[in-house]
Structures are given as C-alpha cells and as structure tokens.
Amino acid sequence: MLYREAGQFKTSYAADQSLFPIAQDKWGVVLLLAVALFAVPFMASEYMLSSILIPFLVFSLAAIGLNILTGYCGQLSLGTGGFMACGAFFAYKLTTAFPEVHIVVVFLLSGFGTALVGILFGIPSLRIKGFYLAVATLAAQFFLIWVFNKFGWWTNYSPSGVISAPPREVVPGVVVTGASGTPEAKYVFLLVFVAILALLAKNLVRSRIGRSWMAIRDMDIAAEIIGIRPMFAKLSAFAVSSFFIGIAGALWAFCYTGSVEALAFEINRSFQVLFMIIIGGLGSIMGSFMGAAFIVLLPLVLNNGMLWIDPTISVALVAHIEFMIFGALIVFFLIVEPHGLARLWQLAKEKLRLWPFPY
Amino acid sequence: MNLRTIAIWAVSVPLVIAALGFFHQALAAAGWIAFFTWPFYFEVILNGLLQGVMYSLVALGFVLIFKASGIFNFAQGSLVLFAALTMVGLIEMGLPWPLAFVATAVVMVGVAIAVERVVLRPLVNQPHIILFMATIGIFYFMDGFGQTLWGSDVKVLDIGIPKDPIFILGGVFEGGLLVQSFDVIAALCGALLVAVLAVFFQYTRIGRALRAVADDHQAALSVGIPLKTIWAIVWSVAGIVALVAGIMWGGKLGVQFTLALIALKALPVLILGGFTSIPGAIIGGLIIGAGEQVAENFVGAAIGGAIQDWFAYMLAMVFLLFRPQGLFGEKIIERV
C-alpha cells in the first residue's frame, strides 16, 4: 500500500540511475538518518551509545571495506585485523607527531597510508587467487601485528605497550576521541563520518571501477579478455578496501575503545568482519550494515538470554556456546541464503510492493 | 616422482643448507647476528625438521580432503583440538589410552559423517570459496563445541612417550646434537602414518576409489563409485589423522585452545608443498619447520625475536609469487 512506485515516472537516464529510484526508499533513508542524528543522541542511554551504536558504526565501516574486496572484487582476505591495526597506529603516530592537524585529516591520511600497505600485500593477488590468496593475506595479518607489537616506535616507547588515544576536537570545544569525549559527541561524529564514507563506497561500486571489480569477481579471465586490466582492478580494490578498513581501525582505537593496542586486532577480528559480510550479504553495502548490526547484537542477546535461563552459568561457557552458535549460523546462512540478510531485505521489499494484495 | 626429481633434490637440498649456513656465518662475521657455530646450526636445522614433521601431520589432513573433494578444509585445526580434547577427556574418565584412542577415533568418524550430512551435502555444486567459508563456520563450531564439552583448561596428555633430551652424532660434533626424544618419536609416528596412508591409497579398493574421485567427480560417479560414502570416508581418515596430530601436539604443548591456531601454520606448509600432494605436505612441512627455526634462532634474535609468528606465511607468500601451484602441485590450467 505505502510502498508502491506507481505514478513515479522517470524522464531522464540520470533519474533512472539515481541511488534510490523509488521515492519511498529515499524518504525512508532520510528519515532514518534524521532520527539517528537528531533523536537518538538525546534518547539513547550511555550504554546503548558506547557499547552498541558506536561499535556498530565502526564495524560497518570495516565491513564495507572488506565487502569491497571480497564481495565486489572476489579476493578473499583474512588480513582485516592487520589493516585495522595499520590505520590505528598510523593515526596515533600522525596525531602525536602533528597535534595541530585536524583529526579528520589524520584519519583520512591514515586511511591512505593503509591503502599503500594494502597495495603491497595485494601484489600476490595478481598471481594467485581463492584460498591461496587467503593464506597470503594471513601473512599480512601476522606480520603487521608483529611489527606493531615489536617496535616501540609505534607506541612512542610506552612501557606497557597499551596507549590511550589522545583527546582531539572535531569542532572547537567538542572532543570526539579518547576517554574524555562524551558518547553523544563520538556517536554523532561517527554517524556523519561513516554515512559520508558509505555514500562514497556506494557510488564507487556502481561506477566504472566498481563494475570492473565485479567483472573480475565473476570471472577474471573473461574480464581480462574484454579489456579490463586485472592488475589495476585488483590493486585498486585492495587500496580502496584497505582505505576503509584503515579508517575503521583508527576509529575503533580513537572513538570506541579509546586505547591503541595491537591485541585488539588479532586474527579473530578478521574472522569477525568476514562473518559480518557473509551474514550481511557479499557484494552489498546495505548488507555490510546489517551484518555489522547482527554480529554486534548477537553476543549481547546470547549473553543475556543464557544468563536469563541460568543465572549461574560461567562466563567461559557462554563464550564457547557463542562460538558454536556463530559457527552454526555461518553454515546455516551459507546453505539457506548465500546472499545474506541483504537478499532477505530485498525479498521483503518485493513482497511489500504488492502488499496487501497477492499480486 | 621419478629418479630425476629425486636426484635434483638430493643434490640441491645439501647445497641450500650449506649455502644458508655460509650466509649466516658471513652475517655473524659482519657482526649482524650475534653468533654462529656449525654444530648449533645443524642442531637448529635438525630440531626444525622434527618440528616440521609435526606441521606435516596437520597438513596431511588438509591434503586428504582437498584431494578427494576439492574442499579447502579450514576446520582441520579445530578437528585436531577436538580430537585431543576428547582423548584427554576419556583418559580422565579412567579409560586406558589405547581404548581412549579407539573411542576417540570412533567419535571422529561420527563427526566426519555429521559434517558430510549437515554441511557438505547441501552445499554440493557451490563455488569453492563458499565451501571454504562454510569450513570456517565448522572451525568455530567445533572449537566452541569441544570446549563446551570438555572445558577450556590446559590439560596434560601423557600416553607414556618419554620426553628426555638425547644427544646424537656425538662422534661428528663435539658434545653431540641435542634433540628431544619426544620429537623423534613423534616424527617416527608421522612417518609411519604417511607410509600407512600411502599403502592405503595405493593398494586398497577404497584407496583406488578415493583416487578416482580426486581425479574426476563425474567420471567416478559414472563408473559406480558412491561419492557420498567416499566423502564420509575421507573426512573420517582426516579425522583420524587429526587425532594423531592432536596427540603429538597435545603431548608436546598440552591440550589447549592454541592447538587450533597451530593448525594455521599448516597453511603455508600446504602452499609450499602444493594442495594436492602428500609428499608435498611432508617436504613443505620440513622446509617450513627448518626455515622457521633457522630464521628465529639466527636472524630473529638480531631483530627482536618472535619472527616465527609470521615467517612461515611470508615464506609461503613470496614462494607463491614465483610458483603459484606449489612445489609438487598440479599445474593450474584455466579455461574460460
């Protein structure tokens, strides 16, 4: 009834190709953003903001990054954690060396730095593919974490190796990083930042370069034959993906946990982000958000659910059962809906268009 | 492998070892690394090789499944952990270890059949990468399942293998070379396992069927080989290999969560050896084991240590750039 495009005529190709061709979609997104921006910071509790919404936004950005590489370009990567660590440490070094530089510029620069590292570790993808490449990206994961752990230069020779993110202002008077920023300020900053980057990603994947990534994913030899340069396509996917993942890592350390440590970016982080894009939907920006929400919320729901059933249950057991359910869900999703939550959402929209009539 | 390949290996391996030795000696002479002596160098290599056999044990499980079904089974590591946990759990319940071994083997066969039924059968004909990600799901599930069942404390797995240091080749080097008797026995068990598998593959009816399936699924089906049974068998064999690996690693390090991550080390071994070759898994394991120990003990000590965390992966990555199919893998031919 409400969700019907009857009567919405397009008079130009540009209108036909617009981001949200259906008016209800456009207004829905605008409304969602408006609520998230103007209502949520005043209504949500501090717990809600700092342990659900902020990690959700950070993970969404990381998932978008990995989705560009794995979902759009078909290059499986297990090095997400390493690249996130890159972004975090680059941002820390930059902002401590040049405290006067604006923090957004620092984040973007650390993203570009991570992109360079990504290109370096993407070079093997020119020769190898599939799980061979996955193993090669494991090299990135372990090597980068080792570098940040081993050399005191990255932590400015802090004796404990755990350093807190310095407070930085985004506009005068509003601190958005470190422990002294309020959750509300961090949340609004992250929301705007992530929304802009997501818009960028969405437009990138439907542009010429995005189409060349998808051609490589679908069949690289065929893509090469029709004139797509595999080297450029693959390395650019690595670069753009690492850019997003690097910024996500910097945001993780600066806005979410408030401390920069390599331990937070171990191999499990890589798997976590990979699960987000599998569950959310490979090759979908929307799916990245859905997957991130799912993976952030699931442990909380499971935890509380199990504590509700049996209040004496041990923390370790909860963690193990969580692992089991994670694993089972991955297999379940791959079998039942390999395209993830994004596909389910699409199917729901198809149904909604006809509702309440059968056809 | 024909005679020519064997001859090439017989000549090149000692040459590479000697060249690496001289390289490190030169580095020590230049003052880049702290110290170098030839007996120590050989001791490190020997211990690395023994360590490498342990990696090969894990890698074998990967190769078996990859050969038969084209699935890259990421869950092998968690199978190792699960097998070791089950075995320890049964021993703690009072079973003597040979009985516990048999019981665990039965459990692993059960797991294999369950995996085939629940995960692989619905995913037939999916792209390999989907299957790979499904095995990551199995990895997480088995990890959580084993620890839910048996707890997550570090457990001691002792089936009576002596752990004394022994000295060998005392006549050649002053004082001899120090090795752990446990490592030697583990290596012998590994060699035995490989021999048994080789005979199994070469001379039994099931072995022939396995090789046929590995060659071509459709052709195998059309001559009447039951694909599903074969897959269950392969996963069972891989499960039992995981059990042996679990006993060896568990005996060496104690049964704990990190066992599942050690299996990650088997990945570069596979890449080096080629996914489809059992001798490749062994030789890859030896190269990674020895290379890692040499790097850690000589170069690693100079730049801060713990480089064995990533050395194997880097070695594999650089190697892949030059030879994507691995040392013994089949040549990759692609068609549009």
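General remarks:
- Residue selected from region B:209-219 under the condition assigned to a helix (DSSP H, G or I) and surrounded by fewer than 13 Cβ atoms within 10 Å (Cβ to Cβ), by the criterion modelled with the lowest pLDDT: B:215
Each row is one residue, and each column tells you yes or no for (1) of a type in the set (D, E, K, R); (2) under 19 Å from residue B:286 (Cα atoms); (3) in contact with a helix residue (DSSP H, G or I) (Cβ under 7 Å, 6 or more places away or on another chain).
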position	(1), (2), (3)
B:187	no, yes, yes
B:192	no, yes, no
B:212	no, no, yes
B:220	no, no, yes
B:235	no, no, yes
B:241	no, yes, yes
B:254	no, no, no
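- Taking residues in region B:52-80 that are under 14 Å from residue B:187 (Cα atoms) and of a type in the set (Ser, Thr, Tyr), and partners anywhere that are in a helix (DSSP H, G or I) and open to solvent by 10 Å² or more (accessible area, probe 1.4 Å), the pairs with Cβ atoms closer than 6 Å and at least 6 places apart or on different chains are B:55/B:265; B:56/B:282.
- Residue that is nearest to residue B:87 (Cα to Cα) [pool: residues in region B:245-261 that are crowded, with 22+ Cβ neighbours inside 10 Å and among the aliphatic types (A, V, I, L, M)]: B:247
- Top-ranked residue in region B:126-144 [being in a helix (DSSP H, G or I) and more than 8 Å from every other protein chain (Cβ to nearest Cβ); ranked as least open to solvent (accessible area, probe 1.4 Å)]: B:135
- Residue A:83 fulfils the conditions (1) more than 14 Å from every other protein chain (Cβ to nearest Cβ); (2) in a loop (DSSP other than H, G, I, E, B); (3) not small (Gly, Ala, Ser) except for a single criterion, (2).
- Among the residues of region A:179-201, those that are β-branched (Val, Ile, Thr) and either surrounded by 20 or more Cβ atoms within 10 Å (Cβ to Cβ) or in a helix (DSSP H, G or I) (or both) comprise A:188, A:192, A:194, A:196.
- Number of residues in region B:70-109 that are of a type outside the set (A, V, I, L, M) and either open to solvent by less than 10 Å² (accessible area, probe 1.4 Å) or touching a Ser or Thr at 6+ places or on another chain (Cβ under 9 Å) (or both): the value is 10.
- Test: residue in region A:161-177 that is within 14 Å of chain B (Cβ to nearest Cβ), open to solvent by less than 40 Å² (accessible area, probe 1.4 Å) and either closer than 27 Å to residue A:33 by Cβ or of a type outside the set (Ser, Thr, Tyr) (or both): yes
- Test: residue B:182 is over 17 Å from residue B:87 (Cα atoms) and either surrounded by 14 or more Cβ atoms within 10 Å (Cβ to Cβ) or at pLDDT 80 or above (or both): yes
- From the options B:229, B:258, residue that is within 14 Å of chain A (Cβ to nearest Cβ) and of a type in the set (S, T, N, Q): B:258
- Among the residues of region A:252-264, those that are away from chain B (no Cβ under 14 Å) and either open to solvent by 40 Å² or more (accessible area, probe 1.4 Å) or assigned to a helix (DSSP H, G or I) (or both) comprise A:252, A:253, A:254, A:255, A:256, A:257, A:261, A:264.
- Verdict on residue A:26 being in a loop (DSSP other than H, G, I, E, B), open to solvent by 10 Å² or more (accessible area, probe 1.4 Å) and free of Cβ contacts under 8 Å to residues at least 24 places away in the same chain: no
- Set A:107, A:56, A:112: member being in a helix (DSSP H, G or I) and open to solvent by less than 10 Å² (accessible area, probe 1.4 Å): A:107
- Index of the failed condition, residue B:272 passing every other in (1) modelled with pLDDT of 80 or more; (2) within 12 Å of another protein chain (Cβ to nearest Cβ); (3) over 19 Å from the mean Cα position of the chain (by Cα): (3)
- Annotation note: Cβ proximity below 7 Å between a residue of region A:338-359 that is free of Cβ contacts under 8 Å to residues at least 12 places away in the same chain and a residue that is in a loop (DSSP other than H, G, I, E, B) and open to solvent by 70 Å² or more (accessible area, probe 1.4 Å) (sequence gap 6+ or interchain) occurs for no pair.
- Residue in region A:148-160 that is surrounded by the fewest Cβ atoms within 10 Å (Cβ to Cβ), counting only those that are free of Cβ contacts under 8 Å to residues at least 12 places away in the same chain and facing chain B (nearest Cβ under 9 Å): A:151
- Residue identified as within 10 Å of chain B (Cβ to nearest Cβ) and at pLDDT below 95 among A:121, A:98, A:89: A:121
- Subset of region A:290-345 [surrounded by fewer than 17 Cβ atoms within 10 Å (Cβ to Cβ) and among the acidic types (Asp, Glu)]: A:310, A:337
- Filtering region A:128-147 to residues that are in a helix (DSSP H, G or I) and more than 7 Å from chain B (Cβ to nearest Cβ) leaves A:133, A:134, A:137, A:140, A:141, A:144, A:145, A:147.
- Set side by side, the residues A:61, A:57, A:76, A:66 differ, and just one is over 21 Å from residue A:116 (Cα atoms), out of contact with any Pro (no Cβ under 8 Å at 6 or more places or on another chain) and not acidic (Asp, Glu), which is A:57.
The values are calculated or read from the model by the stated rules, or taken from the named source; none is laboratory data. Since the model is a prediction, treat every value here as computed from it, not as a measurement. Heads up, the Cβs are rebuilt from the backbone with ideal geometry, glycines too, and the neighbour counts pull from every protein chain shown. Note: accessible area is taken over every heavy atom of the protein model, side chains too, but ligands, DNA and RNA are not part of it. Shrake-Rupley method; radii C 1.70, N 1.55, O 1.52, S 1.80 Å.
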